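Since the structure comes first, as structure tokens, the remarks are kept for the end.
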Amino acid sequence: MTTLVLDDLRKSYSRAGPAALHGLSLTVASGSLTALLGPSGSGKTTTMKLIAGLIAADSGDIRLGDRSIRDLPPERRGVAMVFQNPLLFPHLTVAGNVGFGLRMRGLPPTRIDASVAEMLDRVRLGDLAQRKPAQLSGGQAQRAALARALILRPEVLLLDEPLSSLDPALRDEMRLLIRTLQRETGITTIVVTHDQAEAVALADRIALLLEGRLVQDDTPQAFYARPATTAVARFFGGVNFIPGTVRDAVFDCAIGPLALPQGLPQGPGLLTIRPESLRLGPGPNLRAAQIVAVDFLGSLTRIDLALDGVALQAMVTPDTARGLSVGARISVSFPPEALWILPH
Amino acid sequence: MTDRTRIALLLAPALLVLAGLFLTGLGLTLLRSFRYLPGLGLTEPDLAAYAAVLTAPGFLRSLALSLWIATASTVIAAVLALAAALLLRQTFPGRTLIAFLVQLNLTIPHIVGAIGILYLVSQSGSFARLAHAAGLISAPAEFPILTHDPYAIGIILLYVWKELPFITLILLANLQTLGEDHEAVARSLGASRWQAFRHVLLPMVLPGLATASALVFAFAFGAYEVPLVLGAHAPKALPVLAWQAWTDTDLASRSEAMAMAVVIAVVGLALLALVARGLRLGGQDAR
């Protein structure tokens, strides 16, 4: 088992400055693909470097299975890291780069050559083995960098923004390749990203870091349906927030009482509903709203609404939006199962 | 104006200086080394000067001494510069001051440095007197002979002191461009600190190190003023022989001076060509 446990990790880069990590605790299940998500400066890369052993933690522990790896040098941790840029070694060929780690372990050349050939085929670089890194495209270089780490069969694979240096067209391809290789090898993998859509599309689980703190560790679906805080909801595109009070299964607020599902925390709170869950037309919790703006965004259309002085936003398909015009009054409904209460 | 004409015009001043001074000088040197001196009534070029120079009794020893001086000072300076550059790219208190001190002696002329060495490490110099005062040696004359010595220690000392910051600066610029990410990758792929240096960083800085070292070698091999001040009476470094032949009252020996200058230039150019070739091959073969 290679469950990775981060236990109350703290790190400051300077005594005077703010801490980069304020006591991060996170358990990454063996064989899972976890996204470490957060805006820039949230401590994602710091966390990766701590796990890889490239910087030292001020306090806290890092465990792989039941052994602490906190004080081991990087080369003895069983952790391989792929950086944002491919960082291939320019003086080595593609094959030389991919075989690098095995050579450092002192494996015989014939075994290295066989492993390298097999690995290059898996990332579809077989015919570029003798190229120099300067002769590769961005996507090819990133695949070579991935192969260079995967060939070592590390216990933990760290990928730091592996898609951000690629063209949009190449991202889907690379995302699919990472997903496939991770499932095939079963290597415990952490992907750092600032892009919530990328995290959702790639990972089994998402750990969201905001300002050096873990705010939620959950399935991708849960970040949409049950965000832990307003900040989490906002990070995932939440825009509708209505203050009020929960009493039994009813929410009292400026737009009148709304029926809620059972089991939500009682007392004051902030009601939220995803813009794509707000329904235009009749249904439960029916209200009348005025259209403030209609913006065509391609596959979806954004409708800005005013409802008794509360600003709301709905995302609907262009078909649903057809015929809607600014200033018109329409009926809006709030499906109870789509409502969620945030601490206020 | 097309791009090409603009580039040509912008380059013209530099090219003019290069062609006008360097190539003309080189051409004249070559002509004179072949004893083509119409002013002296010599209009039939021949190889007599080369024959005289190459068969002169002390020539081989002088050539060997110059090669020794250039090789030893380049190797020592390169190794020390690599260590200094690796140290200076890190951040630590006092780094700026040390970096400044390292660069300071770039501004000091070679000849001034040579005289400084003379004052410091000759048998009548400061170190000898300090060692005597401290009771380490019973007389200043017992201080090891480091100037005008057959192993050219004083000369090598001066070149190392003078060229070390030059190579360090080039390496430092090189290292700062590369950053430390490649080493971090190597470490995370299982390379020890030494392996990351040996298999990743060193090959990446080698082109810069080789080029800087070749320049230092060519200079140490061809410059005459330092061996003139700090060198032994015999054998003399090759550039000193050339200088003496050039200043000889016998005008005929000027051709020999030119022949020696050509030999020095050919050795220097051959070395640069070898380094360039090595870098090209290294770029192709490595895996």
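The values are calculated or read from the model by the stated rules, or taken from the named source; none is laboratory data. Keep in mind that what you see is a predicted model, and the values were worked out from it rather than measured. Heads up, the Cβs are rebuilt from the backbone with ideal geometry, glycines too, and the neighbour counts pull from every protein chain shown. Heavy atoms of the whole protein, side chains included, go into the accessibility calculation; ligands, DNA and RNA do not. Shrake-Rupley method; radii C 1.70, N 1.55, O 1.52, S 1.80 Å.
Ordering of A:34-45, B:61-72, B:31-42, B:97-108 by packing is A:34-45, B:61-72, B:31-42, B:97-108, highest average first (other Cβ atoms within 10 Å, averaged per residue). In this simple spin-label model, placing a label point 7 Å from the Cα along the Cα-to-Cβ direction at both B:E44 and A:R10 gives a separation of 9.4 nm. Within the stretch A:256-271, whose backbone N sits under 17 Å from a point 7 Å along Cα→Cβ of A:R247? Residues passing the 17 Å test: A:256-261, A:263-271. Here's the list of lysines a cross-link from A:K49 could span, going by alpha-carbon distance under 19 Å and ignoring same-chain residues fewer than 8 apart: A:K11. Calculated FRET efficiency, A:R302 to A:E337, Cβ-Cβ distance, R0 = 22 Å: about 0.45 to the nearest 0.05.
So, with +1 on the Cβ of K and R and -1 on the Cβ of D and E, and no other charges, what is the size of the charge dipole of the protein assembly as shown about its Cα centre, to the nearest 20 debye?
Numbers: 52 positive and 46 negative charges, 69 e Å.
Its charge dipole is roughly 340 debye.
Taking the Cα centre of the stretch A:238-342 as origin and assigning +1 to Lys and Arg Cβ atoms and -1 to Asp and Glu Cβ atoms, the resulting dipole is close to 120 debye.
If R0 equals 41 Å, the separation of the Cβ atoms of A:A259 and A:D195 corresponds to a calculated FRET efficiency of about 0.70. Working from label points 7 Å from Cα in the Cα-to-Cβ sense, the A:R213 to A:T27 distance is 2.2 nm.
Stokes-Einstein D for the protein assembly as shown at 37 °C, 0.692 mPa s, Kirkwood Rh over Cα pairs, in µm²/s?
Translational diffusion coefficient: 105 µm²/s.
Close amide H pairs (under 5 Å, H built 1.01 Å from N) link A:G41 with no residue at least 5 positions away or on another chain.
Chain B packed on chain A takes about 2100 Å² of accessible surface away from a 1.4 Å probe, both sides summed. With R₀ set to 30 Å, the beta-carbon distance separating B:T29 from B:R280 gives a calculated FRET efficiency near 0.55. For chain A, the longest principal axis of the alpha carbon atoms and the long axis of helix A:168-185 meet at an angle near 70°. For the protein assembly as shown, the 222 nm mean residue ellipticity estimated from helices alone, with every DSSP H stretch of n ≥ 4 adding -39500 (n - 2.57) and the total spread over all residues, rounds to -14000 deg cm²/dmol.
Taking each residue as 0.36 nm, the span from B:L15 to B:Y36 lengthens on full extension beyond its C-alpha to C-alpha distance by 4.9 nm. With the simple model of a label 7 Å out from the Cα in the direction of the Cβ, B:R193 to B:R95 spans 1.7 nm.
To the nearest ten degrees, helix A:138-150 and the longest principal axis of the Cα atoms of chain A are 70 degrees apart. For the stretch A:273-299, the residues whose amide N sits under 12 Å from a probe point set 7 Å from the Cα of A:A311 along the beta carbon direction are A:292-293. Taken per residue, the accessible surface of the stretch A:186-344 reaches 45 Å², heavy atoms only and a 1.4 Å probe.
Taking all protein chains together and rolling a 1.4 Å probe, B:H233 ends up with roughly 150 Å² accessible.
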